[in-house]
Amino acid sequence: MSNNNYRHKQFIYPAICLLVLFCMFTDVNISYAKQIRIVPLLSDTSPLANKQLMFQKQLQGSLPETARKNNKTEQSPITAQTPALVIPSKKTLSEFEKFMAGKTSTAISTDIRQFGYDLFRQPASSFSPDVNVPVGPGYVLGPGDEIRISVWGKVEGMWNVVIDRDGNISLPKVGVIGITGLTFSKVKSLLHKEFSKYYTGFEMNVSMGALKTVRVYLVGNTLRPGAYTISSLSTLVNALFEAGGPSKTGTLRDIQLKRNGETVQHFDLYDFLLRGDKSKDMRLLPEDVIFIPPVGPLAGIAGNVRSPAIYELNSETRLLDLINMAGGLTGVAFKGRVQWQRIENHQYRTLFEGDLINLESDDEKNFVLKDGDLVKIFTVVETKNTITLSGAVANQDDYGIAPGVTKLSDVISKAGGLLYYASEDAELTRVKATQSGPETSYIRINISKALSGDAEHNIPLEINDYILVKSIPEWTLYNKATINGEVKYPGIYTIRKGEKLSSLIERAGGYTDNAYLRAAVFTREDVREMQQNSMDAMVERLERELLIEGSAQLATALSTEEVQAKKVELEQQQKFIGSLKNLKATGRMSIRLAHLRLLKNSEYDIELKEGDTLNIPTKKSVVNVVGSVMSRGSFIYSGKLTYKHYIEMAGGFTKYADKKSVYVMKIDGTAIKLSKGLASWNSPRSRWELEGFGDNITALEAGDSIIIPEKLDRIAWLREVKDITQILFQIATTAGVMVLLF
């Protein structure tokens, strides 16, 4: 048998025993498990992962019985609720936000749209006039308008009359009155005059009721040309919204209102969109025509303006006019460069470069735009003039300098000065660009001389210099270690570099009379981290192997009964894995304490580190028996009894007890196998030995625990995992156990 086989075999029994002990102490029931979601560990695109995902859905009861219908998936009534998939929305940053975050790109995006047209892409009713607003004195009445008349005094009455199609209204005694084409103010005067012919001593109030509708026409380059019946209060802008506004082939700069064959208004929507000026918006009359001519010359502006877009030009439009239409330059716009592209003779595009400096007074720079021009405004160029100061100073940071001028002492002063543990030794790293590549040099500086103005050390700084102010050698404020339990003065103590464990015990007043040195527990933080990392890696490996094995078994199942059995088995595996993931390493190191005179300079008088903890308990007078016995419990310790006596006091072995793997968990954290055959493997001596020639088994001590594992043959799925003993042995490091074999 090879040595590799020997080494592998030496871990089998203790690892299995420790696993069973864990199951007993953490109440893991391998035979019964709740339904648990299985997390895929493979690539989402691999064939095995797809099969694995199907298997997970079967296990969870969430696999649809039929294909998706009408974009809906049938769910099993027993499916556990799972969180909905949340897709984070893409965060959009402005150019200024990108600049402040240091994410500005030198590339200028020309993904711009024609300005103004999106305003009209709202529902048709979103810009309808309010019919409840008071009618102004200039409102022109016509057929369909309702007039409400109230009279009181010597004569009283109320009449609601509607203007007929001939433009007349009829009132009692007054008769027929023609009012078409009159304004509301003139109608009020006319009615009072007509009533005065028949009545005296009265007061009159005239108001409008329901208003007529008017029919207007939108033609030309509009999105939805046609005839529209709208409220008589509607204006030119209201009608444009009803029709969806101009199409992108139609102008926004010269919308024409035609009435009785004449153009009565030229409306520039840019006045409304850019300045909110609606003064030229006229109220519509019946049979008005709104005509939208073709779009005029177009020019685009991209980059660092407030509203990058494609704008329609009107008459002679210069570069400054276009910038103003785009809301002006942003705070990060670079005036030193402007680029524009121009189509020449409808044949080719030419690129021009210029700047925006003195744009207002220089007509050559403030050039006249042409149809098809594209202007790009760039971002300011970042000029880095900083150095980095780190180390033993009050404020480590990047500091702005004047290259070759900012005298090292100035920067240290701005940083709040040196910390009290700063060394006089500092190092300056300087990188220079050369034709053969970067050259790095290191300059040693005496800080005291630099601060006193010594020119040799208080040198002028250059851009990108890195200054490290060193701390005094091996500087730490202090480290701490904790000692608890049976010492005279337990507590948290500061420790110096190189201090030993015996020194800490001595400073704590030494042991009390009740101290049980064999049961001392020593833990260390970096050991805990190492144990936890090792355990996590092994649990992950175990989970992956179990999942792959389970998926393969499910895929090869021959009957429904076998599928259900495998599902139950996989549920048990996941319950087991879930319990292992909850394990937390303790960082325990096995030590053996003794009288201080003997402990000093021994192998267990270890050097202390930050966070070390020593706990010395009182003596325990019991022996614990756990595992596959009839009655687990704790029994009074007696040096005359062997482990078999304690097992008998616990009712003896159960039917499934692994009698050949009994071991004792010593009070000091070590584990020793108790049951041996005629021949057994001696790990420290790397040899097989007959029972009569082996070392004597260490007697039981107070506080020890006798562990009787259960036979692993009962857990079929655990047997099938490769290298299970190695995995379980790594899990055993959670308790910081040193395994001793004979």
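The values are calculated or read from the model by the stated rules, or taken from the named source; none is laboratory data. As the structure is a prediction and not an experimental result, all values here were calculated from the model. Here the Cβ positions follow ideal geometry from the backbone for every residue, glycine too, while neighbour counts run over all protein chains shown. The area values use the complete protein model at the heavy-atom level, side chains included, leaving out ligands, DNA and RNA. Shrake-Rupley method; radii C 1.70, N 1.55, O 1.52, S 1.80 Å.
Brief remarks follow.
- Among the residues of segment 223-249, just one is of a type in the set (D, E, K, R) and open to solvent by less than 50 Å² (accessible area, probe 1.4 Å), namely Glu242.
- Flag for Glu648 being outside any loop (DSSP other than H, G, I, E, B) and at pLDDT below 60: no
- Segment 597-614, subset over 21 Å from Lys480 (Cα atoms) and in a loop (DSSP other than H, G, I, E, B), residue least open to solvent (accessible area, probe 1.4 Å): Ser602
- Residue list for segment 424-464, restricted to those being among the hydrophobic types (A, V, I, L, M, F, W, C) and over 14 Å from Thr388 (Cα atoms): Ala433, Ile443, Ile445, Ile447, Ala450, Leu451, Ala455, Ile459
- Among the residues listed as Pro308, Pro293, Pro297, the single one being crowded, with 22+ Cβ neighbours inside 10 Å and modelled with pLDDT of 90 or more: Pro308
- Selection count where residues are open to solvent by 40 Å² or more (accessible area, probe 1.4 Å) and hydrophobic (A, V, I, L, M, F, W, C), scope segment 615-632: 2
- Tally, over segment 408-426, of residues that are surrounded by fewer than 16 Cβ atoms within 10 Å (Cβ to Cβ) and part of a loop (DSSP other than H, G, I, E, B): 5
- Strands (runs of 3 or more DSSP E) contained entirely in segment 344-404, each with at least 1 residues that are over 30 Å from Val431 (Cα atoms), open to solvent by 50 Å² or more (accessible area, probe 1.4 Å) and touching a strand residue (DSSP E or B) at 6+ places or on another chain (Cβ under 7 Å): 348-354
- Verdict on Ile463 being modelled with pLDDT under 95, touching a Pro at 6+ places or on another chain (Cβ under 9 Å) and not small (Gly, Ala, Ser): yes
- Meeting the requirement of 1 or more residues that are without any contact (Cβ under 8 Å) to a residue 60 or more places away in the chain and over 29 Å from Ile343 (Cα atoms), the helices (runs of 4 or more DSSP H) wholly within segment 225-330 are 236-242, 269-275.
- Filter result for Tyr466 (aromatic (Phe, Trp, Tyr), open to solvent by 30 Å² or more (accessible area, probe 1.4 Å) and touching a residue at least 40 places away in the same chain (Cβ under 8 Å)): yes
- Within segment 390-410, the set of residues being β-branched (Val, Ile, Thr) and within 37 Å of the chain's Cα centre (by Cα) comprises Val393, Ile401.
- Residue list for segment 131-170, filter: open to solvent by 70 Å² or more (accessible area, probe 1.4 Å), without any contact (Cβ under 8 Å) to a residue 60 or more places away in the chain, of a type outside the set (A, V, I, L, M) and assigned to a strand (DSSP E or B): Trp152, Asn160, Ser170
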